[in-house]
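The structure appears below as structure tokens.
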Amino acid sequence: MIREDTYKLKGLRKQLVEELKQKGIQDKRVLQAIENVPRHYFVSAGLEELCYKDQALPTLARQTISQPYTVAYQTQCLDIQKGDKVLEIGTGSGYQAVILAALGAKVYTVERIELLYEHTSALLATFNMDIFCKLGDGTLGWQENAPFDKIIVTAGSPDIPQNLIQQLAVNGKMVIPVGKKDCQTMTLVHKNEENNVRMTYLDTFRFVPLLGEQGWTE
């Protein structure tokens, strides 16, 4: 059940947006989405006010909801346009998917943990947005709905899964953290008309490992 969004919580979101600006997030549409989407809908009761601090928080199945800066950073990298078809690998709490949909994207999101999938897909259905959920191995993408204009991976991978490169549309962009299990480099992938890809290496982050056939093993 969706919880109340109080004036106090809305005020805390405004403060969070100002903090994100100071940290380098400048895309006004992304900042507006962060301000509009109540992050506390996606965590356990009792964590409402902590939601508007720039920090990760625990969710179900020993997973986390990424800190707002990370969500904003990855979203800003993709330059989401209205009507973009976006593949998200790692549904998690559902917060990132709703941010993407709030920007006008049609979102296809894949989650490998059944408990998270069941909980989050039910929650996302209450938002009445273009968000479609699948239980499965995210490293394999979602071939039936490819190609995708944008792909966002919300877990750290040892390399870029070839399936995701193949499912990225011509002139599409993918953002994915790549590196070791405990530290990754945010990598922006551009695919050109010759189906070649160009990598841009950005900042260092720490994500949970991307598990699957083309990611990390257990």
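Every read-out reported here was derived from the displayed coordinates using simple, explicitly stated rules and does not represent laboratory data. Not measured: the values here are computed from a predicted model. All Cβ positions, glycine included, derive from the backbone under ideal geometry; neighbour counts span all protein chains shown.
Within the stretch 38-62, track down each residue that is polar (S, T, N, Q) and either in contact with an Asp or Glu (Cβ under 8 Å, 6 or more places away or on another chain) or surrounded by fewer than 19 Cβ atoms within 10 Å (Cβ to Cβ) (or both).
Within the stretch 38-62, 44, 55 meet the criteria.
One line per residue, one yes/no per condition, for (1) of a type in the set (S, T, N, Q); (2) in contact (Cβ under 8 Å) with a residue 40 or more places away in the chain:
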position: 99; (1), (2): no, yes
position: 111; (1), (2): no, no
position: 121; (1), (2): yes, no
position: 132; (1), (2): no, no
position: 139; (1), (2): yes, yes
position: 145; (1), (2): yes, yes
position: 152; (1), (2): no, yes
position: 165; (1), (2): no, no
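The set of residues in the stretch 154-176 being part of a strand (DSSP E or B) and under 18 Å from residue 218 (Cα atoms) consists of 156, 157. Selection over the stretch 106-165 of residues that are more than 28 Å from residue 36 (Cβ to Cβ), surrounded by fewer than 22 Cβ atoms within 10 Å (Cβ to Cβ) and of a type in the set (Gly, Ala, Ser) gives a count of 2.
There is no residue in the stretch 202-215 that is basic (Lys, Arg) and out of contact with any Cys (no Cβ under 7 Å at 6 or more places or on another chain).
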